[in-house]
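The values are calculated or read from the model by the stated rules, or taken from the named source; none is laboratory data. The structure displayed is predicted, hence computed values, not measured ones. Neighbour counts run over all protein chains shown; Cβ positions are idealised from the backbone, glycine included. What goes into the accessible areas is simple: the full protein's heavy atoms, side chains included, and nothing from ligands, DNA or RNA. Shrake-Rupley method; radii C 1.70, N 1.55, O 1.52, S 1.80 Å.
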Amino acid sequence: MDQKTTVTLLELAAKSLLNNEPAAIHALDEIPRDLFVPLFNAAFLGGHKTMLTAMVRVWPFHCLRIGSLNTRESYYDILEAMIDGLQMLPAQNSSSWGPRLRILDLRRDPDCKTICSEIGTAFPFCFKSCLYSQHSILKIEEAQHSVMCLGIGNSRSEPQSAQEPMELLVDISLNSTLRTEQFLSFLCSKIQQNFGSLHVCCKNLQIDRMSGHKSILQFLDLGCIDHPEMDQANLSEVLTLLARVIHLYSLNLYNIPFKNYKRRNFISFLLCLGRLDNLQELSLSFFCLTNQLHKLLRVVPRQLDTLYLPYCSLSNRDVTVLSQSSQATHLRLLSLSNNHFFSEVYEPFQTLLEKVSTLQHLEINNCMITDSTLSAILPTLSHCTHLHFLSFAFNPITMPVLKSLLQHLTSLMKLKYVIYPAPLHCYVEGNFHDSLDRQKLAEVQAQFQAMLHGAQRDNMKWSICSK
Ligand SMILES: [Zn+2]
Ligand SMILES: [Zn+2]
């Protein structure tokens, strides 16, 4: 029997078990370990909450992750059902059978399997376990190990916890909705009940209006965060968070109002950014940076590969500075959308394009790019051989220039997605801000499709952006 047939049989067995959920829950202690993963997948997809709670309670592997699984049930209902099943195991739980769960990973991740392969039962290892918090399994076990190695007697060391340390990995979005608030209070009570043994590890934290969420932030170890997103906070609140993070890979800030670049808060913000040695992605939206970008580029690490600066009121001077920066040579993703630097001259942007030979993703939507500007930068753009995605919607461009662009870009074999603006003749009154003529739009799309087909680039998708 080949492996594929075995998998199918296990899946069938799992589905038939779920037809009688009470009996299946009753039989969880008896069923073979190989059946747990397919049964869990089927229970998750079908939204069998009672089953999920029961399965987490007796999970016979070191870790459990939801990975790419999806369900039509409410996401929070499913998470709560699973967290409900978490039970702290007594310390020295060495039996190879029975419950062994130590790491419950409730983050959605398309590339993740339900469990890590178990190399040896004596040293179970999880690829996703926390590396930073003092309350992580890794750090607690390291501490216990060094106590043992130093031969410190148990009587003199701190009493060992009666429970095995556990980790719950979860992405948290603080968005003030009632359901989110209920989930967070459920999570806080779980942390309190298992104080010291359960580490809730949040790497992706989204905060919408920070002032309303101070209590949950006290429960989290902010040192674990590596991808924070903050919307509508003031700069001093951002600084409070940044002072407690250590290992950021990305930082997303939206709508952070501040008025004076000479003020202490902006200088402190730059100092905080300068400490983030691992930072690879920086996204600042509605962050007024006119003629200030050089200060930012002076402090962010050289290896930064993603820079999103929409609505930052960037000037030509800022684009010039970016083109001359050491970061420009490493950028893979760049968004300069909703900045109107093109209304002056295009040369700084052209120099930037020449410099960013690694660029894969470029967004220049709503930058007031005109026919003459686009024609001028086209030769440089068609040398961006790594480009995979290009979006330049909401710019006033005519059909002949769009056609010429398409003809030039079909030679970029890695380019797969292009989002282009409705050409000017599609606007009802010929006015860029008027409503669009749907019939004309459809004709444009058909023409572009035919041109792509003619150029043998059916694998390239051109989408018109019509609001
Ligand atoms: Zn794992
Ligand atoms: Zn952690």
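Computed values, structure above
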{"item": "Residue match in the range 249-266 (condition: within 16 Å of ligand 2 (Cβ to nearest atom) and either surrounded by fewer than 15 Cβ atoms within 10 Å (Cβ to Cβ) or within 25 Å of Leu331 (Cβ to Cβ) (or both))", "result": "yes"}
{"item": "Residue that is modelled with the highest pLDDT [pool: residues in the range 114-129 that are more than 7 Å from ligand 1 (Cβ to nearest atom) and surrounded by fewer than 17 Cβ atoms within 10 Å (Cβ to Cβ)]", "result": "Ser117"}
{"item": "Filter pass, Lys190 being at pLDDT 85 or above, within 16 Å of ligand 1 (Cβ to nearest atom) and surrounded by 15 or more Cβ atoms within 10 Å (Cβ to Cβ)", "result": "no"}
{"item": "Residue, most open to solvent (accessible area, probe 1.4 Å), within the range 83-102, restricted to residues that are under 22 Å from Pro32 (Cβ atoms) and at pLDDT 75 or above", "result": "Gln87"}
{"item": "Given (1) free of Cβ contacts under 8 Å to residues at least 40 places away in the same chain; (2) under 23 Å from His433 (Cα atoms), number of the condition Gln324 does not satisfy", "result": "(2)"}
{"item": "Test result for Thr50, modelled with pLDDT of 90 or more and open to solvent by 50 Å² or more (accessible area, probe 1.4 Å)", "result": "yes"}
{"item": "Subset of the range 230-240 [of a type in the set (S, T, N, Q) and not in a helix (DSSP H, G or I)]", "result": "Gln232, Asn234"}
{"item": "Flag for Glu142 being modelled with pLDDT of 75 or more, away from ligand 1 (no atom under 16 Å from the Cβ) and open to solvent by 50 Å² or more (accessible area, probe 1.4 Å)", "result": "yes"}
{"item": "Selection within the range 172-202 - farther than 15 Å from Leu217 by Cβ and either within 16 Å of ligand 2 (Cβ to nearest atom) or not in a helix (DSSP H, G or I) (or both)", "result": "Thr177, Lys190, Asn194, Phe195, Gly196, Ser197, Leu198, His199"}
{"item": "Per-region count, the range 216-229, residues assigned to a loop (DSSP other than H, G, I, E, B) and either surrounded by fewer than 16 Cβ atoms within 10 Å (Cβ to Cβ) or of a type in the set (S, T, N, Q) (or both)", "result": "0"}
{"item": "The range 417-445 - residue that is open to solvent by less than 60 Å² (accessible area, probe 1.4 Å) and out of contact with any Ser or Thr (no Cβ under 9 Å at 6 or more places or on another chain) and, of those, nearest to Ser382 (Cα to Cα)", "result": "Val444"}
{"item": "The range 312-346, residues that are in contact with a His (Cβ under 7 Å, 6 or more places away or on another chain) and in a loop (DSSP other than H, G, I, E, B)", "result": "Arg332"}
{"item": "Boolean, Thr306 is closer than 18 Å to Asn365 by Cα and touching a Lys or Arg at 6+ places or on another chain (Cβ under 9 Å)", "result": "yes"}
{"item": "Cβ pairs under 8 Å, 6+ apart, first in the range 196-215 and over 29 Å from Pro90 (Cβ atoms) and open to solvent by 50 Å² or more (accessible area, probe 1.4 Å), second among the hydrophobic types (A, V, I, L, M, F, W, C) and part of a helix (DSSP H, G or I)", "result": "Ser215/Cys188"}
{"item": "Criterion violated by Gln232 - all others in (1) modelled with pLDDT under 90; (2) closer than 29 Å to Ile140 by Cβ; (3) open to solvent by 60 Å² or more (accessible area, probe 1.4 Å) satisfied", "result": "(2)"}
